[in-house]
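Here the structure comes first, spelled out in structure tokens, and everything after it is commentary.
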Amino acid sequence: MQSLLLGVLKRQAAFSRNRQLLFDIEQELAEGGGAGDDAPDAAELLDQARQDRVGDTDADGAGGAA
């Protein structure tokens with residue numbers, strides 16, 4: 001039971017951090033901030049992060065399976 005509650009608390013904490021990040025990004029964009037002309041393409045960054053993540057799980061023997 002304790003491990004279940006700990007898992008729920010960890011998910012809630014992660015969700016709260018994500019909400020705060022989105023709020024901060026929204027504020028920055030509303031203030032005229034954002035990526036400059038020399039910023040990398042977001043789609044390329046996400047693709048690379050996914051590949052890195054899959055590579056990390058493969059090295060751990062998990063094979064990316066959820």
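Values in this text are rule-based calculations from the coordinates and carry no lab data. Not measured: the values here are computed from a predicted model.
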Full extension from Leu29 to Arg50: what is 0.36 nm times the residue separation minus their Cα-Cα distance, to one decimal in nm? 5.1 nm
Long-range tail of P(r) for segment 2-60 (Cα pairs > 18 Å, %): 65 percent
